[in-house]
Amino acid sequence: MDKILSGLAKFGLDENLVKDLFEEESSSSRPNGEPTVAKAIEPPKETDFLLLKSVRCPICDGTFRTPVIKSGRAKRKEPDLDLRPRFEYIDTNKYDIASCPKCGFTAMHRYFGNLAPVHAKLIKEGVLMKLKNPPAKAITDLEVISYDSAIDLYKIALYTSVVKKAKNSEKAYTCLKIAWLLRGKIEELSVDAEKNKEVIAACQKDYDTFYKQAFDGFVKAMSSENYPMAGMDQSTVDLLIAAMAYNLGQYEYASRFVSGLIVSRTAGSNIKNRAHDLKEKIVEKLKK
């Protein structure tokens with residue numbers, strides 16, 4: 001090999017030092033002759049995906065900080081059949097809720113904003129005056145929310161939605177969120193399924209209850225509410241109900257919604273593609 005570093009001798013450097021510019025580094029050329037050991041890449045912590053956001057409580061008018069997901073930080077994965085969102089390293093559903101540490105008002109971010117005076121009055125009298133302690137404490141630093149803590153907050157949000165006489169879609173969506181959290185908890189516990197067998201069985205029982213309530217609530221909402229419903233357009237709700245019906249073993253019911261989506265002029269390509277995939281699953285089940 002020609003001397004590519006020729007001319008460096010005048011600076012006192014050995015121009016013959018480099019034999020092969022891109023040769024693999026040998027252990028003898030490293031300090032102390034120690035071989036290179038590849039460092040294991042540690043997975044990110046859950047708090048790496050979070051930030052603290054200031055929120056104003058519409059009940060007591062106080063402000064507090066709550067953890068929310070950083071926009072674009074978490075890598076999205078393929079959602080579950082029933083549209084449950086999935087991300088790498090974090091279950092974002094745990095952080096889609098806020099709870100005032102002062103008065104205890106708790107609701108999903110979607111429903112936490114301005115409240116009608118009649119709703120605020122119902123919540124104060126029917127929920128907050130009965131709370132022994134606020135379900136969440138004031139936080140100054142990022143903290144991971146456990147599945148159990150998140151489920152408790154969502155249950156209070158569901159209780160609150162019943163007291164304030166919320167729409168069926170709000171109650172159904174809250175039930176669905178709880179079911180999704182229970183599914184996530186079961187997945188987490190299943191890493192050691194034998195050890196957690198009893199806890200998994202209890203979670204599964206609760207999951208079945210909330211999932212069926214969510215399905216029934218959305219079916220009722222369809223006949224009495226306008227779209228968007230819980231932030232979803234009609235095509236998304238139809239796909240959600242079809243997927244939930246499939247998961248509940250109601251294949252004929254699911255097939256009706258899927259067939260409508262496939263021929264729909266308003267459903268987007270993503271919705272139609274998922275509807276086609278679901279149709280194949282339904283056909284397989286009906287064959288059996």
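Below is a table of values for the structure above.
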| read-out | value |
| --- | --- |
| Filtered residues of region 122-135 (kept if assigned to a helix (DSSP H, G or I) and either under 12 Å from K102 (Cα atoms) or without any contact (Cβ under 8 Å) to a residue 24 or more places away in the chain (or both)) | E125, L128 |
| Failed item, numbered, when P228 is tested on (1) in contact with a Leu (Cβ under 6 Å, 6 or more places away or on another chain); (2) loosely packed, with under 15 Cβ neighbours inside 10 Å | (1) |
| Residues of region 231-240 satisfying the condition of being crowded, with 19+ Cβ neighbours inside 10 Å and of a type outside the set (G, A, S) | T236, V237, D238, L239, L240 |
| Condition check for L115: under 18 Å from A230 (Cα atoms), part of a loop (DSSP other than H, G, I, E, B) and of a type in the set (A, V, I, L, M) | yes |
| S54 among the polar types (S, T, N, Q) and assigned to a loop (DSSP other than H, G, I, E, B) | no |
| Single condition L189 does not satisfy, out of (1) crowded, with 16+ Cβ neighbours inside 10 Å; (2) within 27 Å of V237 (Cβ to Cβ) | (2) |
| Checking S28 against (1) at pLDDT below 65; (2) assigned to a loop (DSSP other than H, G, I, E, B), the condition it does not meet | (2) |
| Those residues of region 192-207 which are in a loop (DSSP other than H, G, I, E, B) and surrounded by fewer than 16 Cβ atoms within 10 Å (Cβ to Cβ), in sequence order | A193, E194, K195 |
| Only listed residue being in a strand (DSSP E or B) and either modelled with pLDDT of 90 or more or basic (K, R) (or both), chosen from T47, T66 | T66 |
| Residue selected from region 152-162 under the condition farther than 18 Å from L122 by Cβ and buried (at least 21 other Cβ atoms within 10 Å of the Cβ), by the criterion farthest from the chain's Cα centre (by Cα) | L153 |
| Residue that is nearest to the chain's Cα centre (by Cα), among those in region 59-115 that are β-branched (V, I, T) and closer than 13 Å to A136 by Cβ | I97 |
| Tally, over region 77-102, of residues that are surrounded by fewer than 20 Cβ atoms within 10 Å (Cβ to Cβ), in contact (Cβ under 8 Å) with a residue 12 or more places away in the chain and over 15 Å from L181 (Cβ atoms) | 5 |
| Filtered residue count, region 198-212, keeping only those that are more than 20 Å from T174 (Cβ to Cβ) and free of Cβ contacts under 8 Å to residues at least 12 places away in the same chain | 4 |
| Residue within region 250-265 that is modelled with pLDDT of 95 or more, under 23 Å from the mean Cα position of the chain (by Cα) and either buried (at least 19 other Cβ atoms within 10 Å of the Cβ) or part of a helix (DSSP H, G or I) (or both) present | no |
| Residues being of a type in the set (K, R) and without any contact (Cβ under 8 Å) to a residue 24 or more places away in the chain - total across region 103-121 | 1 |
| Some residue of region 117-126 being of a type in the set (D, E), more than 29 Å from E46 (Cα to Cα), exposed (fewer than 14 other Cβ atoms within 10 Å of the Cβ) and over 15 Å from the mean Cα position of the chain (by Cα) | yes |
| One residue from N226, N273, N247 being at pLDDT 95 or above and farther than 20 Å from A172 by Cβ | N273 |
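The values are calculated or read from the model by the stated rules, or taken from the named source; none is laboratory data. This one's a predicted model, so the numbers in the text were calculated from it and none came from an experiment. As a convention, Cβ positions derive from the backbone with ideal geometry for all residues, glycine included, and neighbour counts pool all protein chains shown.
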